[in-house]
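Scroll down for the structure; my scribbles are underneath it.
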Amino acid sequence: MHFLISCCIAGLLAASVTDSTSTEVQTIFSQIQDFKKKFPKGHQESVQELYQSDEKIRLVSYNILHSHFDRQHPLEHRWDLRKKGVKELIEHMDGDIYLFQECSRKQKNWIWEHFSKDYLIVAGTNAYFENLPVLLRKSRFELLDTFNLCADGSERVRYVSIKDKKTLKELHLMNVHTEFQDIEKRQSTIDRIVVTYKRLNSPKNFVVGGDMNAFDPYVTHKNLPFWDGNLCHQKLVQSGLFDLKEGVLFGLFGPFGTYTNSSPNDTTPFLGEGVFGIYLDRFYGAENIQPLFFGVEKGKVDGEFPSDHMPIFTEFLLKG
């Protein structure tokens, strides 16, 4: 009897990720030879070779939902109950680099407690309302430089430059969270990203990612709060960057949106796989970034999304 009770308790405590996009990626790539006719001659073989390279880098961006907003959500969606699921999903995705948004000081300390063994955690020491930690796999990367850009007591951009120990190449990264309610401030943050990128001499090994609050102008969806996402996109593209999901060699995985509401008419989070085409979370890269795929992680833990955003992820190689 005691044994059965212990097994039941263990089963309840052991959370697992279900319906995972990351698992789907692994499955599809294990069967990639079956998709030869989907591409021009030789392309599938080239992609397969790149996917098997130990030089590829898995990048994950995840808005984990600020704990300060707990009072706006029912009990089951508050941080102290969600954090186990967030940890499970982070570990399940097995990233080489993580970009986190909406981290309170409490959440930043939690990240340090659970991930500092394997990851170098780059974050500010000031008590910002929001922090933008960047996690770098210790066995893979060396930190060269970092700085942040702040507004209204929160980090808006966290920049890091790193050295890849495998290829000895330098990589520049920006973790971004633009303002939500204020369109002018959001556009200003995008402008600062562009200016800073140019001040860095527009490095070719460069990726910017995060929660850009980019609502594209689907004017039939009048309940969307903003329509300025395409303006953000244009500014970044005109600076010499490209949307990574538009430059993949293989394919797109997961939902066609990154927020967990169910329809354009209902913005309540945790209910669904988002509104088609609304990618609040995005990656942009410079010319030496070669993404193999782009994914939105729709995995749940104990039947629930761990955050109101679904993580985005990609695997890419440095061409130069």
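The values are calculated or read from the model by the stated rules, or taken from the named source; none is laboratory data. A quick note: this is a predicted structure, and the numbers were derived from the prediction, not measured. So basically every Cβ, Gly included, is an ideal-geometry build from the backbone, and we count neighbours across all protein chains shown.
Among the residues of segment 179-232, which ones are more than 18 Å from Asp243 (Cα to Cα), of a type in the set (Asp, Glu) and crowded, with 16+ Cβ neighbours inside 10 Å? Correct list: Glu179 only. Summed over segment 252-263, the residues that are crowded, with 17+ Cβ neighbours inside 10 Å and either touching a residue at least 24 places away in the same chain (Cβ under 8 Å) or not in a loop (DSSP other than H, G, I, E, B) (or both) give a count of 7. When you scan segment 167-202, how many residues do you find that are part of a helix (DSSP H, G or I) and either of a type in the set (Ser, Thr, Tyr) or at pLDDT below 95 (or both)? Residues in segment 167-202 being part of a helix (DSSP H, G or I) and either of a type in the set (Ser, Thr, Tyr) or at pLDDT below 95 (or both): 4 in total. Count of segment 203-229 residues, restricted to those that are among the polar types (S, T, N, Q), farther than 22 Å from Lys163 by Cβ and modelled with pLDDT of 95 or more, is 1.
Selection of segment 118-135 for residues being under 14 Å from the mean Cα position of the chain (by Cα) and either among the acidic types (Asp, Glu) or part of a strand (DSSP E or B) (or both) yields Val134, Leu135. From (1) farther than 20 Å from Asn131 by Cα; (2) at pLDDT 95 or above, pick out the condition that doesn't hold for Gly11. Evaluating Gly11 over (1) farther than 20 Å from Asn131 by Cα; (2) at pLDDT 95 or above leaves (2) as the failure.
Condition test on Asp164, is it within 30 Å of Thr260 (Cβ to Cβ), of a type in the set (D, E, K, R) and either surrounded by fewer than 18 Cβ atoms within 10 Å (Cβ to Cβ) or at pLDDT 95 or above (or both)?
So Asp164 does not fit the description; no.
Test Val237 against the criterion of being β-branched (Val, Ile, Thr), crowded, with 20+ Cβ neighbours inside 10 Å and modelled with pLDDT of 95 or more, and give yes or no. In short, no.
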